[in-house]
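Sharing a structure here in structure tokens format.
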Amino acid sequence: MPHSVRLHAHGGPEALVYEEMALPSPGPGEVLLRQHAIGVNYIDIYHRTGLYKLPSLPATIGSEGAGEVIGVGPGVERLKTGDRVAYAGPLGAYADVRVVPADRLVKLPDGIDYELAASMLLRGMTVRSLLRQVYPVDAGTTLLFHAAAGGVGLIACQWARALGATMIGTVSSDEKGELARENGCTHVINTKREDFVARVRTLTDGKGCDVVYDSVGKDTFPKSLDCLRPRGLWVSFGNSSGPVPPFELTALKGSLFATRPSILAYTATTQDLEENATDLFEMVLSKKIRITANHRYPLARAADAHRDLEARRTTGSVILVP
Ligand code: NDP
């Protein structure tokens, strides 16, 4: 009997219940996957707590996984039984088996195994869209990236280095700072000890950064805005400390720009999805980016994975193994 981790009501990690499930069957345009690795992302915490709405309860949360196609629904032509695939987006990942719309799956190239795929697809495509599309980072760019030693953060360090940019990263401990530096972050700020606005001003000779990538939200607002040069871009893409409160447009003084990107919007078409994933796979296969899945839990212990991610005890990626 397959198992899934279901949420019957919003709550803490204990609300995640490991239970038996019936084997689903793929409908038109869908495939059935046997999952071999599942990504744990911060969005799973937003779904668990209710910060982000779920279509209904009970629900199986999780937005990232990798596995083997074991069944194909009517009308699916681009995939067949035995294909190795991964996805980032469709809700319902915390399960041994699941159905996924075929057009949301990417085929895994040789050299990318299931655990590697589940450690990087959602986070890596997020970084790719942030650094290549939301703001086109290049060797002349100075950027501030919060949570630089996290799952998204460590990939951003390496991608920014590959683009030749100057990256300033924030972290909450010296150990995390060391890790960010090893992964290519140019300057590291330990927010437990230093005021990040003052330090950014010093590091940029008072000019400010071209772009700030902020996934922390409540705790770093509005200070992140003070780290930008005039006409710089504030990219608010997450809420790990809570959501950014409503604010007056005049907070964007200095002719700042603001955006709230979502990876779903940047991979909405199959072409966007494939372009993004292909670029990410190339970065990894050419060894410009090394993915660190520092934390691996059995599916039945999803609650522990949430506890560690939420308590800032993790670095790099977190995965579940069915
Ligand atoms: P991380 O591994 O980065 O974990 C979150 C990190 O945020 C922590 O390790 C911690 O780093 C930092 N943090 C700062 N304040 C807090 C706080 N109060 N509570 C918890 N953590 C805090 O997670 P992910 O890699 O999964 O995701 C990173 C961020 O990117 C999340 O906010 C997520 O929502 C966002 N995201 C957004 C996407 C989008 O499409 N918009 C897609 C993917 C991710 P430290 O201790 O060093 O400060």
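Can you give me the C-alpha center-to-center distance between the range 1-42 and the range 179-216, rounded to a whole angstrom?
Using only Cα atoms to place each centre, the spacing works out to 38 Å.
What share of Cα pairs, in percent, lie more than 24 angstrom apart in the chain? Can you show the working numbers first?
Details: 27219 of 51681 pairs.
Percentage above 24 Å: 53.
I've got another one for you. Mind listing the Cα extents of the range 208-305 along all three principal axes, in Å, largest one first?
Sorted from largest, the Cα extents of the range 208-305 read 46, 34, 26 Å.
Sticking with this one: Sort by residue number and report every cysteine in the chain with no other cysteine beta carbon within a distance under 4.7 Å.
Cys with no partner Cβ under 4.7 Å: CYS209, CYS227.
Let me ask something else. Pick out, in residue order, every one of the trypsin sites (Lys or Arg not before Pro) in the range 90-196 that is DSSP loop and has at most 12 other C-beta atoms within 10 Å; say none if there are none. Could you put the intermediate results ahead of the total?
Values: sites: ARG98, ARG104, LYS107, ARG123, ARG128, ARG132, ARG161, LYS176, ARG181, LYS192, ARG193; in loops: LYS192, ARG193.
Those that pass, being in a loop and sparsely packed, are LYS192, ARG193.
Evaluate the range 1-133: find the radius of gyration of its Cα atoms, find its Kirkwood radius, and give the ratio Rg to Rh.
So for the range 1-133, dividing Rg by the Kirkwood Rh gives 0.97.
Amide H to amide H, which residues 5 or more places from HIS36 or on other chains are under 5 Å from it, using H placed in the peptide plane?
Under 5 Å from the amide H of HIS36: ALA66, GLY67, GLU68.
Here is a follow-up. Using only alpha carbons, build the gyration tensor for the range 139-260 and give me the equivalent ellipsoid semi-axes, biggest first, whole Å. Could you put the intermediate results ahead of the total?
On the way: eigenvalues 89, 51, 35 Å².
After diagonalising the Cα gyration tensor, the semi-axes are 21, 16, 13 Å.
Taking H as built 1.01 Å from N, whose amide H comes closer than 5 Å to the amide H of HIS10, not counting residues under 5 places away?
Hits under the 5 Å cutoff: none.
Sticking with this one: Hey, can you grab everything whose amide H is under 5 Å from the amide H of LEU144? Only 5+ residues off in sequence or another chain; H modelled, so Pro and N-termini drop out.
Counting only residues 5 or more places away or on other chains, the set is ILE168, VAL211, VAL212, TYR213.
Please list, in order along the range 308-322, the HN-Hα scalar couplings obtained from phi with the Karplus expression 6.51 cos²θ - 1.76 cosθ + 1.60 (θ = phi - 60°), rounded to whole Hz, x for Gly and Pro.
Values, residue by residue: 5, 5, 5, 8, 6, 8, 9, 10, x, 8, 10, 10, 10, 10, x Hz.
Provide the solvent-accessible area of LEU16, counting protein heavy atoms only and rolling a 1.4 Å probe, rounded to the nearest 10 Å².
That residue has around 20 Å² of solvent-accessible surface.
Could you state how much accessible area TYR266 has, in square angstrom rounded to the nearest 10, with a 1.4 Å probe and all protein chains kept in place?
70 Å²
The values are calculated or read from the model by the stated rules, or taken from the named source; none is laboratory data. Owing to the predicted nature of the structure, the values given are computational and were not obtained by experimental measurement. Positions of Cβ are backbone-derived with ideal geometry, glycine not excepted, and every protein chain shown enters the neighbour counts. Areas reflect the complete protein model, heavy atoms only, side chains present, ligands, DNA and RNA absent. Shrake-Rupley method; radii C 1.70, N 1.55, O 1.52, S 1.80 Å.
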